[in-house]
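Below: one structure, written as structure tokens.
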């Protein structure tokens, strides 16, 4: 058995008796998918490999590349609904265990409206979601299973009769990040378009977890901790440009400036009530939507075949504007108590390469679409917890259909889109982190990883896995 006293020399300097509580109760949404940002705004773009920056001349261009709003003749309305379905497993019962959760759902709707207000200017507004996820490991016994075996196996005690945390407990997390935006495009020339959008991000996060809050005091005491927070960020811009040097060739680029979402709400726990006499304590935190750029090229080979290749980069590892960690503060209204802590993530930059294709059949009603997404995940294995997505390289496959109907005002006035995505990912931690001190990302603090010193254990040996399926339905009216 690992003895707490044998690792005293590595114990992190504590910021206060409640500091570690916040690290588990207030954490960022971590969708169990290949990318923390789903970038799902339009069903046609989803089916073509999550592309769209180069060719999508619909109202959803507001978020993919606002310059392409110029392609809307007079008016456009777009509505889509995507359901993210995820099945995942992780070492919830301690090192080298495997607990599989039930199917988790994450709805991702979006709505856009656009209209031409001048011969060279189109204005647009929309609301959409960058990420949405709900996950649960229900009725889990032996959470964090106390290690009773020596290295290299670190065998945990998962016997419900003798392990710690013998009572079945739920581990629930739900979160989403969305944005409301206004934007416009300007046709500088027939070949060169510019666009700008102003975004206002918002988020809500709920965590209801059974965790070792006693680690904040150098002991072991498991309690249920629930945090419910939400808020709005500061407005920031998105820029886009499109260049059409030839009728069959388009180059495009888009850049999104980072934005910081200020979160506030409450934290509840029987332990907190004992300590302060309050049933709820005020909690504040923040989360960054990082810098992002996307570039690409598309070729309308003929009137039926469209080929696309795009590249996207998200800067989650940026020191000041990324997601290395999440600061949180808890306050008591009846006592002189205010404690700030840092929840570690150490997220890495995410890149993805996205080829896509669309073929419109001779029957003008129908089009087939397909695409791939080659990407690396943001998760840092040293700071991976039970609800982190598997890290490393992965591939997702997309396909879909498009249906077109002519209207009184224009050809292809009505458009119905269907899209499907399937992806799977597996990752494994060895013994490189367990029982070893690690520097909390973004700070100079250290903590012993995968140990009783952590309120929420990270970096434990074991396997993580997800299988994700997305189904999307979209409708566009445009003339």
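The values are calculated or read from the model by the stated rules, or taken from the named source; none is laboratory data. Since we're looking at a predicted model, the values are computed, not measured. Neighbour counts run over all protein chains shown; Cβ positions are idealised from the backbone, glycine included.
Assuming residue 358 fulfils every condition listed in (1) farther than 26 Å from residue 202 by Cβ; (2) surrounded by fewer than 17 Cβ atoms within 10 Å (Cβ to Cβ) apart from one, which condition is it?
(2)
If only one of 288, 323 is outside any loop (DSSP other than H, G, I, E, B), under 25 Å from residue 37 (Cβ atoms) and touching a residue at least 24 places away in the same chain (Cβ under 8 Å), which one is it?
288
Could you tell me whether any residue of the range 160-167 is surrounded by 14 or more Cβ atoms within 10 Å (Cβ to Cβ) and in a strand (DSSP E or B)?
Within the range 160-167, none of the residues are surrounded by 14 or more Cβ atoms within 10 Å (Cβ to Cβ) and in a strand (DSSP E or B).
Any residue at all in the range 153-168 that is in contact with a helix residue (DSSP H, G or I) (Cβ under 6 Å, 6 or more places away or on another chain) and more than 30 Å from residue 67 (Cβ to Cβ)?
no
Assess whether residue 417 counts as being surrounded by 15 or more Cβ atoms within 10 Å (Cβ to Cβ) and assigned to a loop (DSSP other than H, G, I, E, B).
no
Among (1) under 30 Å from residue 430 (Cβ atoms); (2) assigned to a strand (DSSP E or B), where does residue 102 come up short?
(2)
Filter the range 92-150 down to the residues that are over 30 Å from residue 473 (Cβ atoms) and modelled with pLDDT of 95 or more, then identify the one that is surrounded by the fewest Cβ atoms within 10 Å (Cβ to Cβ).
119
Could you grab me the full set of residues in the range 381-392 that are out of contact with any helix residue (DSSP H, G or I) (no Cβ under 8 Å at 6 or more places or on another chain) and closer than 23 Å to residue 100 by Cβ?
Within the range 381-392, 381, 383, 384, 385, 386, 387, 388, 389, 390, 392 meet the criteria.
Of the numbered conditions (1) touching a helix residue (DSSP H, G or I) at 6+ places or on another chain (Cβ under 7 Å); (2) buried (at least 20 other Cβ atoms within 10 Å of the Cβ), residue 285 satisfies every one except a single condition; which is it?
In the conditions (1) touching a helix residue (DSSP H, G or I) at 6+ places or on another chain (Cβ under 7 Å); (2) buried (at least 20 other Cβ atoms within 10 Å of the Cβ), residue 285 misses (1) alone.
Of all the residues that make up the range 47-69, how many are within 13 Å of residue 113 (Cα to Cα) and not in a helix (DSSP H, G or I)?
Adding up the residues that qualify gives 4.
For the range 51-91, give me each residue that is crowded, with 24+ Cβ neighbours inside 10 Å and closer than 30 Å to residue 165 by Cα.
Once the filter is applied, which keeps residues that are crowded, with 24+ Cβ neighbours inside 10 Å and closer than 30 Å to residue 165 by Cα, the range 51-91 yields 88, 90, 91.
Does residue 409 meet the test of being within 30 Å of residue 72 (Cβ to Cβ), buried (at least 16 other Cβ atoms within 10 Å of the Cβ) and in contact (Cβ under 8 Å) with a residue 40 or more places away in the chain?
no
Out of all the residues in the range 290-303, is one or more surrounded by 21 or more Cβ atoms within 10 Å (Cβ to Cβ) and farther than 20 Å from residue 56 by Cβ?
Yes: one or more hits.
Please name all residue pairs, on different chains or six or more residues apart, with Cβ atoms under 9 Å, provided the first residue is in the range 270-283 and is on the phi > 0 side of the Ramachandran plot and the second residue is buried (at least 16 other Cβ atoms within 10 Å of the Cβ) and not in a helix (DSSP H, G or I).
From residues that are on the phi > 0 side of the Ramachandran plot, the pairs are 277/332.
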